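**Q** Starting off with a structure, shown below.
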Amino acid sequence: MKSIFIFPFILVLSSLFSCGHQGYPSSLLIADSLCEANPDSAIAFLSGLSSHQSEFDDDSRWYYRLLCLKAKCKAYIKYNEGDKVEAMAVLDHYENSGDRNLLSRAYYYAGSVAYDLGDAPAGVEYFQRAMDALADTTDLQFRSALNFRIGFLLLNQGVYAPSLDYFRTSYHLEQIRKDTAMMVYCLEKQAFAYMDSHKIDSALLYFNRAISLAKTQRNSLLVKQITASLASYYIKNSEYSMADSCLAPYMEYVHDADKMVFYGLMADVCMNTGRCDKGNMYCLYLLDKGDVYFKQKACRLLVMYHSARNDVRNASRYIDLYDKYTDSVRVIEAADVVARMNASYNYSNYKTKAANLEVENARANMWKMLYGSLAFVLAALLIVGLLWVRKRAKAREMRFEILKRDMAEHSDAHIRELEGRMAELQLKLGEAERHGAQQAQQLVMQQAQLEALVDMANRRRSIRTTIKERLAGSSIYMMVRDAAAAGAILSDAAWDELDSFVNELIPGFKASLYGISKLSKQDYHLCLLIRLGGLSGTDMATVMGRTKSAVSKAKTKLQERFIGSGREAGNLDDFIASL
């Protein structure tokens, strides 16, 4: 979890970006100040000024357009594609002919737009350029905020080591400025970076440093906020009572920006400290309002909740929903997250390219510029090619690991292991009850969790078995087997019938395959036959009108595209059967 409570941090950060340049109409300077104090009022004020733009000179009109971007950012209104066009126009103006004092701000808002639209690498690049534009200034506020923003962005991308460097730089700049609140936030974000990179001891150290520093400012709300962030550390370590004590003081200060994450933490805590009805309330909120990750978490906790009450019907319903959201999460992890992480910006390469461009611009020799540009393009193509290859390899590796984990979770050995842990827990529970130990309630909750996991694993295995039996006992299967026995090639109508049958029985089968890689018609037909099951390579070759060797080669190529080379021959069949 990258950031827990952002609203109080936003209030502090909003003071770091005032343009404040003289020589512009007083109405624009008032609008600039309003962006900091009351962004909603600034938006309304700027809207009123729109009809008076003809009275402004060219510099003031561009300043007005920059302030419109700033006001939207300060009001936490997400940028859209239209804002991207506007931000690029504003940036182009300040890069080429506008007030150089505003160039760094133009880069900043271009980066904010890119990040809102999901292009994190471009966002980081613009933030880096904003810092370059500040190279000859002593604006420590803006420089610190840029470092913090880049670190925050990288933390959310899962690029932990570089994010720590940026947070440290921001912390040292805030030390010079003596801004204790921002120093506290820098320490807090470093704690999250360490926690997400599994350096638990360092995470606790930085959380405690942040809390200690907040106490020196005598800001009780800041102390409560950072203490609430510490709850995520304790939940990660299954110390739910400690997490509860961290969250309780912040309860009355939760804002809309914090609510989803706060309720997610409270759901975990309540379900594991005996307050299941309250935990149920939080889970239902997450299920209604949350994204796919929160919905998945809510379903997992609701399975535990209803299993503890022997409510099989509701427990089964949430198991089905949990499976649905888990599939969605896996698709995101296998495609979107991997792509974003592998596309993360190469900072040192950016600096090298920027320096080379400055040298080239200083030279007046057109031929040298041409050669340099050609070399740059070739290098860029090489880098893009390498990143593309690396991205595909990582995506395939992730899908293979998911396959192994999925198969392991449904295996008899895994279920026996869970049942063994339940038996061991039952003995501990009996011992605790005999001695009146206070931990008995906690053990009961752990027992319910294990029971839910066993039930979930059995249900998943049962669903797979049912699908396999329905495929093998279907008229479609008999049609394919009869065609293979007769040496006949399936007609287009037969393929369409097979396609419809498989996708009705297994919704999303085709979408899952095409979401990983584009497939030819023949490759997709081969996947349908593999999913149908029970067919030999010769049978498949016959109904497809291909040789057995051609089918074998096609399966090898599909395996490489889906889960990578070097796997056992049966892994492709297992992977397609897992969809």
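The values are calculated or read from the model by the stated rules, or taken from the named source; none is laboratory data. Bear in mind the structure is a predicted one, so any value in this text is a computation, not a measurement. Cβ atoms come from the backbone with ideal geometry, glycine included; neighbour counts cover every protein chain shown. These accessible areas exclude ligands, DNA and RNA; they are computed on the full protein's heavy atoms, side chains included. Shrake-Rupley method; radii C 1.70, N 1.55, O 1.52, S 1.80 Å.
**Q** Out of the residues in region 203-239 that are more than 12 Å from F192 (Cβ to Cβ) and among the charged types (D, E, K, R), state the one that is surrounded by the fewest Cβ atoms within 10 Å (Cβ to Cβ).
**A** Here the residue is R218.
**Q** On the given criteria, is Y524 open to solvent by less than 20 Å² (accessible area, probe 1.4 Å), of a type in the set (S, T, Y) and either more than 30 Å from D320 (Cα to Cα) or in a helix (DSSP H, G or I) (or both)?
**A** Considered against the rule, which asks whether it is open to solvent by less than 20 Å² (accessible area, probe 1.4 Å), of a type in the set (S, T, Y) and either more than 30 Å from D320 (Cα to Cα) or in a helix (DSSP H, G or I) (or both), Y524 comes out as yes.
**Q** So is M260 under 14 Å from S229 (Cβ atoms) and part of a helix (DSSP H, G or I) or not?
**A** Taking the combined requirement at face value, the residue does not satisfy it.
**Q** I've got another one for you. Quick one: which residue in S549, S517 is hydroxyl-bearing (S, T, Y) and closer than 30 Å to D320 by Cα?
**A** Unique residue meeting the criteria: S517.
**Q** Looking only at region 538-561, count every residue that is open to solvent by 30 Å² or more (accessible area, probe 1.4 Å) and either among the basic types (K, R) or within 21 Å of A494 (Cα to Cα) (or both) and tell me the total.
**A** Residues flagged as open to solvent by 30 Å² or more (accessible area, probe 1.4 Å) and either among the basic types (K, R) or within 21 Å of A494 (Cα to Cα) (or both) within region 538-561 amount to 11.
**Q** So S552 ticks every box in (1) in contact (Cβ under 8 Å) with a residue 60 or more places away in the chain; (2) touching a Gly at 6+ places or on another chain (Cβ under 8 Å) but one. Which box is left unticked?
**A** Unmet for S552, out of (1) in contact (Cβ under 8 Å) with a residue 60 or more places away in the chain; (2) touching a Gly at 6+ places or on another chain (Cβ under 8 Å): (1).
**Q** Kindly establish whether Y234 is under 29 Å from M182 (Cβ atoms) and in contact with a helix residue (DSSP H, G or I) (Cβ under 6 Å, 6 or more places away or on another chain).
**A** So Y234 passes the test.
**Q** Name the residues in region 281-291 that are at pLDDT 85 or above and either more than 23 Å from D320 (Cα to Cα) or within 25 Å of the chain's Cα centre (by Cα) (or both), would you?
**A** Y282, C283, L284, Y285, L286, L287, D288, K289
**Q** Determine which single condition C186 fails, assuming it passes every other condition in (1) in contact with a Ser or Thr (Cβ under 7 Å, 6 or more places away or on another chain); (2) of a type outside the set (V, I, T); (3) more than 15 Å from A210 (Cβ to Cβ).
**A** Among (1) in contact with a Ser or Thr (Cβ under 7 Å, 6 or more places away or on another chain); (2) of a type outside the set (V, I, T); (3) more than 15 Å from A210 (Cβ to Cβ), the lone unmet condition for C186 is (3).
Residue-wise test of (1) more than 21 Å from L301 (Cα to Cα); (2) among the hydrophobic types (A, V, I, L, M, F, W, C).
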residue: L230; (1), (2): yes, yes
residue: K236; (1), (2): no, no
residue: S241; (1), (2): no, no
residue: S245; (1), (2): no, no
residue: A248; (1), (2): no, yes
residue: E252; (1), (2): yes, no
residue: H255; (1), (2): yes, no
residue: K259; (1), (2): no, no
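**Q** Out of (1) open to solvent by 40 Å² or more (accessible area, probe 1.4 Å); (2) farther than 21 Å from G473 by Cβ, what's the single condition that is false for S500?
**A** Of (1) open to solvent by 40 Å² or more (accessible area, probe 1.4 Å); (2) farther than 21 Å from G473 by Cβ, only one is false for S500: (2).
**Q** Could you list, in sequence order, the residues of region 56-87 that are free of Cβ contacts under 8 Å to residues at least 24 places away in the same chain, open to solvent by 60 Å² or more (accessible area, probe 1.4 Å) and charged (D, E, K, R)?
**A** Scanning region 56-87 gives D57, D58, R61.
**Q** Another question about this same structure. Has region 172-179 got at least one residue that is buried (at least 23 other Cβ atoms within 10 Å of the Cβ) and either touching a His at 6+ places or on another chain (Cβ under 8 Å) or farther than 22 Å from L265 by Cα (or both)?
**A** Checked against the condition, which is being buried (at least 23 other Cβ atoms within 10 Å of the Cβ) and either touching a His at 6+ places or on another chain (Cβ under 8 Å) or farther than 22 Å from L265 by Cα (or both), region 172-179 yields at least one hit.
**Q** Still on this structure, I have one more. Determine, yes or no, whether A161 is in a helix (DSSP H, G or I) and buried (at least 23 other Cβ atoms within 10 Å of the Cβ).
**A** For A161, the condition - in a helix (DSSP H, G or I) and buried (at least 23 other Cβ atoms within 10 Å of the Cβ) - is not met.
**Q** Is it true that E36 is modelled with pLDDT of 90 or more, surrounded by 15 or more Cβ atoms within 10 Å (Cβ to Cβ) and in contact with a Lys or Arg (Cβ under 8 Å, 6 or more places away or on another chain)?
**A** Spelling it out, it is not the case that E36 is modelled with pLDDT of 90 or more, surrounded by 15 or more Cβ atoms within 10 Å (Cβ to Cβ) and in contact with a Lys or Arg (Cβ under 8 Å, 6 or more places away or on another chain).
**Q** Also, I was wondering about something else. Determine whether region 116-137 contains at least one residue that is in contact with a Gly (Cβ under 8 Å, 6 or more places away or on another chain), small (G, A, S), open to solvent by 10 Å² or more (accessible area, probe 1.4 Å) and part of a helix (DSSP H, G or I).
**A** The answer is yes; a qualifying residue exists.
**Q** I'd like to verify a number: residues in region 97-115 that are among the hydroxyl-bearing types (S, T, Y) and surrounded by fewer than 20 Cβ atoms within 10 Å (Cβ to Cβ), how many?
**A** 1
**Q** Another one. Going residue by residue through region 104-114, is there one that turns out to be among the charged types (D, E, K, R), more than 14 Å from W62 (Cα to Cα) and touching a residue at least 60 places away in the same chain (Cβ under 8 Å)?
**A** No, region 104-114 has no match at all.
**Q** Please specify each residue of region 121-155 satisfying the condition of being more than 18 Å from L187 (Cβ to Cβ) and among the polar types (S, T, N, Q).
**A** Q128, T137, T138, Q141 - these are the residues of region 121-155 that are more than 18 Å from L187 (Cβ to Cβ) and among the polar types (S, T, N, Q).
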